[in-house]
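Values quoted throughout were computed directly from the atomic coordinates according to the rules given, and no laboratory measurement underlies them. Model, not experiment: these values are computed from the prediction. Heads up, the Cβs are rebuilt from the backbone with ideal geometry, glycines too, and the neighbour counts pull from every protein chain shown.
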Amino acid sequence: MNGHFSAVGDQPANGNYDHGCQVIDEEKEFNRNLNDYLQTMHVAEAGFNYHLISVFGSQSTGKSTLLNHLFGTTFSVMSETERRQTTKGIWLSKNKRETSAGTPMADNILVMDVEGTDGRERGEDQDFERKSALFALATSEVLLINIWEHQVGLYQGANMGLLKTVFEVNLQLFLKDKNSTPRSLLFFVIRDHIGVTPLSALQNTLIQDLTKIWSSISKPEGLEQSRIEDYFDFGFAALPHKILQGEKFENEVAQLGARFTTGHRVGKADDGVAETEGGILLPEYHRRIPADGLSVYTEGIWDQIVNNKDLDLPTQQELLAQFRCDEISREVLVAFDLLLTPLEEQQAQASKLGKAIVLPDLGTTASQAREKCFRAFEVQASRYHKGVYSRKKQELESKVDGRLKTLFQGQIAAAHKAGVTAFSEAVSNKVKAGQKAGGAYEFAEIVSNEKKKTTEIFKAEVDSLAIEGVEWTNFVSQNQLFEAELDEVSSKLRKDEIRRLATRVERWVKSRLGDAVGLEFNKLGSGRGGSGAPEEGQKPATEKDLWDRIWKVFTGIVSEAETRFADRAKSFDASDSEVEVGLWRLRRKSWTALREKIEEEVMEGNILLKLRENFEDKFRYDDAGVPRIWRPTDDIEGIYTKARESTLTLIPLLSKFKLLANNASPDLIGFIGVQPAGVEAGDEEDLAPIGGVDEEEGKSLEEEMTVLSENKRQDLVVRFKKTADGVYVEAKRSAIGGMTQ
Ligand code: GDP
Ligand code: MG
């Protein structure tokens, strides 16, 4: 049976919108399917490009029938045979027609079919009538008032009661905010127009009635003088009887439909009929609720109405803006998350493992995601309340930028760490390669090349994060920090390089000292103070100037080493202070090396051997260097005593490092010099204490210069004498033996 179907009064199953979408059900509950419906109908994305129209009128005056014909909707209508109310609550449907009578209709016309009121049972329905009128006025651009021709002029008729309600409700809205309640169009559709009375006459009668009603309502303070035209425009149409003049009805309805297109005002007629061009849908009727917020807005409005709260549209619009902006913000963040979350996770994972990863293309990805996110938000949210929008925009920006900041800082930290590591590894490797290749490398050059390279890579990475016009992505200080750290690392590497150089030079000093000092000691083996002929131009060495010669050789070697060290250290940009410390260390280490070499030379076996050689040289050879053949007549004892005494004088000489010139030890303190100011912790660690130089070590310079202790000296004298005695006895024997032969 037509007009009586199961879906009436029920919410349609999701996605089943055969009869449109029920916005308010008969229990006065708001139906949340509205948003789904708007999305299904592709109205949700239309922004402001939609129109909302409501129909009002008594029950069973053919309202649903009219809408279905005008807009191709399928609102349920009362069956011809069963006279009972069909439309329950408020239904909404999108216009299904694109054109009417050949004229394109406006985009996205949404029509609300409102449950009719019945004058005969007014007491019961007045509450809903009032509420639905308020709802329609708060949301709709056009109110279609459906009225029988024969009701026109019946001032006490049911429709007039409805209009009175509409006017009162409208004033109530105006009271709250005079600016935010736009004008509405009251469009009268006169049904079953017989044609005897022309529309213009009916129109006049209606306007008179409306004015009468307007004057009869009690107006709030301050609005007593207001006129109906201040709030409403009026439109009129008449339609013939649908059943009796079916074809004519269809035609007229099509003509009426053609008026549902956008238009604009060209003047204002005194009779209250708006003078417009184009269709009846003027921009000023629009409630300026973005389509994607319509569901939330209408829900809020209905909630206020049902709970008998004062309808405060500006507040509602702000609340809507907050709600929608938050929602849009969440939506755009979903897309942002999709791109950014994996990167954030990667970074967090790495940092958990103590690693630093530089995410590839982070700058581009991030700035694109950011831009897309803000753009999407702007497109949708900027349609809402300006103040709320800009506040929510800032919130979103700070949320997004907060996350990007963390990400970028992590990225820069990673690039920083990786850069520093790469730099110090590259320098070390180049130095190692240079050492392998024979040491021909320029440390300063390696450092400056690598620094340039690393700094460029870092800067490029940091620059790639810059977002145009975004102040906080300007990372100048991070670049400076990076360079400063490279300098610090360089200086550490240079210190290592200085140490390596020092080690090389020390080794060289040791080896030179080994040869040269060894040579000087070897000369002791010759009783004539030197082996072989003296070098040209040089005085033959004497035993007494042993220490002078050693000091001279020592200072000569050290001075050469100092030059080598200083030249090389300066070549890699070592500071004066670093060179100074290096030289000071070098002198100390050299002295220690000399001391060790001397120690080695005077070790028991070594020195005894040398004394014996010295003695034998004097004893066994004559002054001309010819070996003696002992004869019994020779004064063996005399020669022996002389040679022995002569060699014995070497022992006190050897015991102490003393120069001939002033019969004093060399100026070791002066030679090593005052500890330079640049000495740092660690510089001294590997330095052996030197008596007299390091006063607190408890060893005096005197002790430092003592080569043989008193005990050792005496021991040496005894041992030497024994050795000499052995040589003497042997000589004696050979003299006698020579006799017997
Ligand atoms: P609603 O309650 O106002 O929505 O009215 P309906 O559209 O359900 O129609 C109520 C009854 O009026 C139905 O039986 C229709 O057939 C009938 N009807 C529809 N249009 C017209 C019309 O133009 N003139 C007359 N007299 N009856 C109509
Ligand atoms: Mg109906």
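Pairwise over distinct Cα atoms, reciprocal of the mean inverse distance: report the Kirkwood radius of segment 647-717 in Å, one decimal place.
With all distinct Cα pairs of segment 647-717 included, I get 14.2 Å.
Using only the alpha carbons of the chain, what is the convex hull's orientation-averaged projected area in square nanometres?
Taking the Cα atoms of the chain, their convex hull projects to 59.2 nm² on average.
Within 13 Å, Cβ to Cβ, of residue 386, how many net charges do the neighbouring residues add up to if Lys/Arg are +1 and Asp/Glu are -1?
Taking every Cβ under 13 Å from that of residue 386, the sum is +3.
Dipole size in debye (nearest 20) for the chain around its Cα centre, Lys and Arg Cβ +1, Asp and Glu Cβ -1?
2280
How far, in nm, would the chain grow between residue 194 and residue 211 when pulled straight, counting 0.36 nm per residue and subtracting the alpha carbon separation?
Extending this stretch completely gives an extra 3.6 nm.
Can you sort 623, 548 so the residue with the fewest Cβ neighbours within 10 Å comes first?
623, 548
Hey, rough spin-label estimate for residue 675 and residue 337, points 7 angstrom out along Cα→Cβ, what's it come to in nanometres?
So the two model labels end up 6.4 nm from each other.
What is the helix-to-structure angle for 476-522, meaning the angle in degrees between its Cα long axis and the longest Cα principal axis of the chain, kept from 0 to 90 and rounded to the nearest 10?
For 476-522 against the chain, the angle is about 10 degrees.
So if I take the centroid of the Cα atoms in segment 360-400 and the same for segment 435-486, what is the distance between those two points in Å?
The distance from the Cα centre of segment 360-400 to that of segment 435-486 comes to 33 Å.
Can you tell me the Rg and the Dmax, both Å, for the Cα atoms in segment 361-513?
Every Cα atom of segment 361-513 included, Rg and Dmax give 24.1, 91 Å.
What value, in deg cm²/dmol to 500, does the helix sum -39500 (n - 2.57) over DSSP H runs of n ≥ 4 give at 222 nm once divided by the residues of the chain?
After summing the helix terms and dividing by residue count, I get -19000 deg cm²/dmol.
Quick one: net charge of residue 679's neighbours, Cβ under 12 Å, K/R +1, D/E -1?
Summing Lys/Arg as +1 and Asp/Glu as -1 gives -4.
Which Cα, out of 139, 517, 678, lies furthest along the positive dipole direction of the chain (beta carbon charges, K/R +1, D/E -1)?
The listed residue farthest towards the positive side: 517.
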